[in-house]
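Enquirer: Pasting in a structure now, in structure tokens, and then I'll have a few things to ask.
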Amino acid sequence: NTAQEVAYVVRDMSTTEGDDYIASSTGTLFFGAGDRSERILIPLIQDSIRESDESFTIELLGDFPSTEGNIYRRITVTIRDDDS
């Protein structure tokens, strides 16, 4: 295995970047040789506004081998309402 860079994009669904969380809309993950996972840290913004649960997506960009069946290209992140 060799090192690889994988670009990603963060997209609002029912959230608003800057109001609900802080993240750049694009980024890059760096996988070292043999690495099978990486971490994206996205700080949430706490407020006292009553809201329902809200979601955004993170999508990996690029070509991946079709033999890698355990690669999820897009995930949905749900922010559970804990505002009161």
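Enquirer: If you go through the range 51-71 one residue at a time, how many are open to solvent by 60 Å² or more (accessible area, probe 1.4 Å) and either among the β-branched types (V, I, T) or at pLDDT 80 or above (or both)?
Expert: If we filter the range 51-71 for residues that are open to solvent by 60 Å² or more (accessible area, probe 1.4 Å), which is where we start, we get 52-53, 61, 63, 65-70.
Going one step further and asking which of them are either among the β-branched types (V, I, T) or at pLDDT 80 or above (or both), we end up with 52-53, 61, 67.
Here the count works out to 4.
Enquirer: A further question follows. Cβ-Cβ distance below 9 Å, separation of 6 or more or different chains: which pairs start in the range 24-47 with a residue that is polar (S, T, N, Q) and end on one that is part of a loop (DSSP other than H, G, I, E, B)?
Expert: T26/L61; Q46/D82; Q46/D83
Enquirer: Let me ask another. Sort out which residues of the range 1-50 are modelled with pLDDT of 85 or more, in contact with a Gly (Cβ under 9 Å, 6 or more places away or on another chain) and not small (G, A, S), and write them in order of number.
Expert: Within the range 1-50, Q4, E5, V6, Y8, V9, V10, I40, I45 qualify.
Enquirer: Give just the number: which of (1) open to solvent by less than 50 Å² (accessible area, probe 1.4 Å); (2) closer than 15 Å to R74 by Cα; (3) in contact (Cβ under 8 Å) with a residue 24 or more places away in the chain does D12 not satisfy?
Expert: (1)
Enquirer: Next question. Out of the residues in the range 19-42 that are outside any loop (DSSP other than H, G, I, E, B) and open to solvent by less than 50 Å² (accessible area, probe 1.4 Å), state the one that is farthest from D53 (Cα to Cα). Steps first, please.
Expert: First, the residues of the range 19-42 that are outside any loop (DSSP other than H, G, I, E, B): 21, 26-31.
Among the residues that remain, those that are also open to solvent by less than 50 Å² (accessible area, probe 1.4 Å) are: 21, 27, 29, 31.
Values: Y21: 13, G27: 25, L29: 27, F31: 32 Å.
Here the residue is F31.
The values are calculated or read from the model by the stated rules, or taken from the named source; none is laboratory data. Predicted model only: the values in this text are computed from it and were never measured. Methodologically, a virtual Cβ is constructed for each residue, glycine included, from the backbone with ideal geometry; neighbour enumeration extends over all protein chains shown. What goes into the accessible areas is simple: the full protein's heavy atoms, side chains included, and nothing from ligands, DNA or RNA. Shrake-Rupley method; radii C 1.70, N 1.55, O 1.52, S 1.80 Å.
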